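The values are calculated or read from the model by the stated rules, or taken from the named source; none is laboratory data. Nothing here was measured: the structure is a model prediction, and the numbers come from that model. Ideal geometry is used to build each Cβ from the backbone, glycine not excepted, and the neighbour counts take in all protein chains shown. Ligands, DNA and RNA are excluded from the accessible area calculation, which covers all protein heavy atoms including side chains. Shrake-Rupley method; radii C 1.70, N 1.55, O 1.52, S 1.80 Å.
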Amino acid sequence: MENQDKLRILLIDDHQLFREGVKRILTMEPGFEVVAEGNDGEDVVDLVRQNKPDVVLMDINMPGINGVDATKNLLKSFPNVRVLILSIHDDESYVTHVLKTGAAGYLLKEMDTEALIEAVKVVGNGGSYIHPKVTHNLIKEYRRLANENGNNGEIGFREVEYRRPLHLLTRRECEVLQLMTDGKSNRAIGEALYISEKTVKNHVSNILQKMSMNDRTQAVVDAIKNGWVKVN
């Protein structure tokens, strides 16, 4: 693959060891190219101008300008750059705040290699990505708010009868979709269903294709709205 066909990635994180570990993983992926690194939000606009990345992978907590403010500043000058935030916080308030700035994704630093690669690919190709654990927390919060508001439609979720979408998905795909809603990673889904991660990945791809969705987050939200999964 030629360099121009690769996703160009800029890494911004003040923890050098963590940054080096992420870089090592990304550079092993044939479709990725890490074009530059930085350790402060103050550097991000200049680094984007100089290196023209497709994706900026940026820590939320940094000295000086943090990831949220850096994202705001960056997107004013470069609105087409895709920002994927790295964070240790799984609280839904952090996620909501970050997404309001225009970031395309939110990934917990406890992610495994598979999640990191998937997140960069999804965001780099125009989709949105929220870490599965965070997705589950967000959904629970929206349901709580919906109940407080009497399900009057302000939140966007409504009480519907639970029914499996067997008209669209296989029984196994329904099980995978439910576990995606529960915030399980591909590895955790595989362990729960006693199947390989590769098989889970194939199921997820089939689910997204059949539901005409670009990413897991969209699929989960749509499944909840249609009553296809249970939210605990």
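With all protein chains present, how much of the accessible area of the chain (probe radius 1.4 Å) comes from carbon and sulfur, to the nearest whole percent?
Carbon and sulfur together cover 46 percent of it.
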Figure the gain on full extension for Gln16 and Arg49 (residue separation times 0.36 nm, minus the Cα-Cα span) and round it to one decimal in nm. 9.6 nm
Explain nothing, just the number: dipole magnitude of the chain about its Cα centre with +1 on each Lys and Arg Cβ and -1 on each Asp and Glu Cβ, in debye rounded to the nearest 20. 880 debye
Compute the FRET efficiency between Asn73 and Gln209 as 1/(1 + (r/R0)^6), taking r as their Cβ-Cβ distance and R0 = 30 Å, and round to the nearest 0.05. 0.20
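When the chain is fully extended, how far beyond the present Cα-Cα distance does Asn61 get from Lys225, taking 0.36 nm per residue of separation?
Length gained, Asn61 through Lys225: 55.7 nm.
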Normalised by the residues of segment 171-226, what does the relative contact order come to in percent, with Cα pairs under 8 Å and at least six apart? 31 percent
Here the longest stretch of the chain that holds no chymotrypsin sites (Phe, Trp or Tyr not before Pro) in a DSSP loop having at most 15 other beta carbon atoms within 10 Å is 1-161
Gyration tensor (alpha-carbon) shape descriptor, segment 1-69, a/c threshold 1.5: oblate
Using only Cα atoms and rounding to the nearest 10 degrees, what angle (0 to 90) does helix 67-77 make with the longest principal axis of the chain? 70 degrees
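What order, most packed first, do the peptides 58-64, 75-81 have when packing is the mean number of other Cβ atoms within 10 Å of each residue?
Top of the packing list down: 58-64, 75-81.
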Classify segment 171-226: rounded, prolate or oblate, from the alpha-carbon gyration tensor (a ≥ b ≥ c, eigenvalue square roots; a/c under 1.5 rounded; otherwise prolate if a/b is larger than b/c)? prolate
What shape does segment 7-140 take by its C-alpha gyration tensor, where a ≥ b ≥ c are the square roots of the eigenvalues and a/c under 1.5 counts as rounded, a/b above b/c as prolate, and the rest as oblate? rounded
Relative contact order for segment 7-140: what percent, with Cα pairs under 8 Å and sequence separation of 6 or more? 21 percent
Note down the magnitude of the dipole of segment 171-226 about its Cα centre, charges +1 on Lys and Arg C-beta and -1 on Asp and Glu C-beta and zero elsewhere, to the nearest 20 debye. 100 debye
21 Å Cα-Cα reach of Lys230 towards lysines, excluding residues that sit fewer than 8 places from it in its own chain: Lys133, Lys140, Lys184, Lys210
Accessible solvent surface per residue of the chain, calculated while the other protein chains remain in place, 1.4 angstrom probe, Å²: 50 Å²
Note to self: C-alpha centroids of segment 33-107 and segment 195-232 sit apart, in Å, by 27 Å
Nearest 10, in degrees from 0 to 90: the angle of helix 216-225 to the longest Cα principal axis of the chain is 30 degrees
By how many degrees, 0 to 90 and rounded to 10, does the Cα axis of helix 113-124 deviate from the longest principal axis of the chain? 80 degrees
Quote the relative contact order of the chain in percent (integer), defining contacts as alpha-carbon pairs under 8 Å separated by 6+ residues. 14 percent
Would you compute, from DSSP H runs of 4+ residues alone, the mean residue ellipticity of the chain at 222 nm, taking -39500 (n - 2.57) per run and dividing by the full residue count, rounded to the nearest 500? -15000 deg cm²/dmol
Run the dipole for segment 7-140 about the Cα centre, Lys and Arg Cβ at +1, Asp and Glu Cβ at -1, nothing else charged, and hand back the magnitude in debye, nearest 20. 460 debye
